[in-house]
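The values are calculated or read from the model by the stated rules, or taken from the named source; none is laboratory data. Keep in mind that this is a model prediction, so the values were computed, not measured. FYI the Cβ positions are ideal-geometry reconstructions off the backbone, even for glycines, and counts take in every protein chain you see.
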Amino acid sequence: MTTLHAPTRLGDTWREWLAENLAMGASVDEARAAAVAGCGDADAVDAELAELTGHPYFAVCRRLALRYDWMESVLDTYRALRNSDGGGTLERRADLTPEEFFSRYYFGNRPVVIEGLMTDWPALEWTLESLATKCGDAQVEVMTGRDANPDHAWQYDRHRTTMPFRDYLTALGSGVRTNDYYMVPRNENWSGPLRPLAADVRPPAGIVDPSAVGHLLLGPAGTVTPLHVDNSSVLLCQVLGRKHVRLVPSYERHLVYPRGGTFSAVDAADPDPVRHPRFAEATVLETVLEPGQMLLVPVGWWHWVEALDVSATVTFHHFCTPGQNHKMATPPAAGQDD
């Protein structure tokens, strides 16, 4: 008597992959070929496809995906319009007035490099030695052990370390190029132990709320903040060293392969055209931010940052506008790729 064997059931990873790709418009033949090549079990793939394509839940997913396609077409149209109106260029302005800052850039959702608004900042005279003199005994929080965890950017709670500021400055002074440790804004350093340093910055009048408390980013050459998006606008003010910045417009979210909610799966320093082919369509603006320059990163704009030198940056999020900033909802981080 012949015994019939039911096909092996696919694991959840491949089941999700099939559902997502079919919902987003891949043909059954394309999805089947890729799944069989990946998992090696044609019978299991065929059984899953038969169950999936006949399920009413899948019909709902497909309708939602069609709405998503329509939204992408709206974004693509807006992208074409913006690129025909200078959207493919990162503007640079000297002595920008508050009125134009808000009308063209903040409310226009356009990034801009600003020069001439930091000339009165004592912070431009900072050195590692002067910082140690001012606050060397303060206990500060630093993110350490980043190299061992490729997901350190959003798993930051695992990397919090407290140390004397003087010891951290000594590490920076070693000249080692590394991404292993970095003082990022996710702490109370600036409003707490390093508060005396705030006297050395001057929030630009009429642009940043004068009562605003900024944040300090301080790290060695080689620190990288992966491609990500903030849920509100931010003004980067470069104080010490240089930073290489790449930006992707807010309306090109569908080209950056969002991952973990506010991060991208794309390595903006070395994009993989096989894994992330649509990123080649993205508009990538870039600049090297020098001491004394500011950069407005508008809400929703994706940005990647690499320190070229030992670098200190002060950031502001509270602007002279009702509500101090415009915030978008933080996208869910339900999976590795969304």
message = Testing residue 333 on (1) outside the structural domain of residue 100 (by TED's automatic domain parsing); (2) at pLDDT 95 or above, one condition comes back false. Which one is that?
response = (2)
key: residue 208 more than 19 Å from residue 90 (Cβ to Cβ), crowded, with 22+ Cβ neighbours inside 10 Å and over 18 Å from the mean Cα position of the chain (by Cα)   = yes
request  = Identify all residues within the stretch 153-166 that are surrounded by 14 or more Cβ atoms within 10 Å (Cβ to Cβ) and out of contact with any strand residue (DSSP E or B) (no Cβ under 8 Å at 6 or more places or on another chain); write none if there are none.
outcome  = 166
ask   = Are any of the residues in the stretch 172-184 within 23 Å of residue 288 (Cβ to Cβ), among the basic types (Lys, Arg), in contact with a strand residue (DSSP E or B) (Cβ under 7 Å, 6 or more places away or on another chain) and free of Cβ contacts under 8 Å to residues at least 60 places away in the same chain?
value = no
query = Does the stretch 234-242 contain any residue that is among the basic types (Lys, Arg) and either modelled with pLDDT of 95 or more or not assigned by TED's automatic domain parsing to the domain that holds residue 151 (or both)?
reply = yes
Residue tally, condition buried (at least 16 other Cβ atoms within 10 Å of the Cβ) and either over 15 Å from residue 307 (Cβ atoms) or at pLDDT 90 or above (or both), over the stretch 181-197 = 9
message = Take the conditions within 19 Å of residue 114 (Cα to Cα) and crowded, with 20+ Cβ neighbours inside 10 Å and apply them to residue 233. Does it pass?
response = yes
remark   = Within the stretch 235-275, the residues that are free of Cβ contacts under 8 Å to residues at least 40 places away in the same chain, part of a loop (DSSP other than H, G, I, E, B) and hydrophobic (A, V, I, L, M, F, W, C) are 266, 274
From the options 110, 166, 158, residue that is of a type outside the set (A, V, I, L, M, F, W, C), at pLDDT 95 or above, in the same structural domain as residue 242 (by TED's automatic domain parsing) and part of a helix (DSSP H, G or I) = 166
note = Within the stretch 45-59, the residues that are under 15 Å from residue 11 (Cβ atoms) and either loosely packed, with under 11 Cβ neighbours inside 10 Å or in contact (Cβ under 8 Å) with a residue 40 or more places away in the chain (or both) are 47
Where a residue in the stretch 85-104 is over 12 Å from residue 294 (Cβ atoms) and its partner, wherever it lies, is modelled with pLDDT of 95 or more and part of a helix (DSSP H, G or I), with Cβ under 9 Å and at least six apart = 91/104; 91/105
inquiry  = If residue 198 meets every condition in (1) more than 30 Å from residue 271 (Cα to Cα); (2) free of Cβ contacts under 8 Å to residues at least 12 places away in the same chain; (3) in contact with a Gly (Cβ under 9 Å, 6 or more places away or on another chain) apart from one, which number is that one?
reply    = (2)
request  = Identify the residue in the stretch 309-324 that is more than 18 Å from the chain's Cα centre (by Cα) and part of a loop (DSSP other than H, G, I, E, B) and, among all such residues, is surrounded by the fewest Cβ atoms within 10 Å (Cβ to Cβ).
outcome  = 322
request  = Can you confirm whether the stretch 281-290 contains a residue that is surrounded by 13 or more Cβ atoms within 10 Å (Cβ to Cβ), among the polar types (S, T, N, Q), more than 30 Å from residue 14 (Cβ to Cβ) and modelled with pLDDT of 95 or more?
outcome  = yes
task = Report, by residue number, each residue of the stretch 85-106 that is surrounded by 13 or more Cβ atoms within 10 Å (Cβ to Cβ) and part of a loop (DSSP other than H, G, I, E, B).
result = 87, 88, 90, 96
message = Being under 25 Å from the mean Cα position of the chain (by Cα), assigned to a loop (DSSP other than H, G, I, E, B) and modelled with pLDDT under 95: is that true of residue 147 here?
response = no
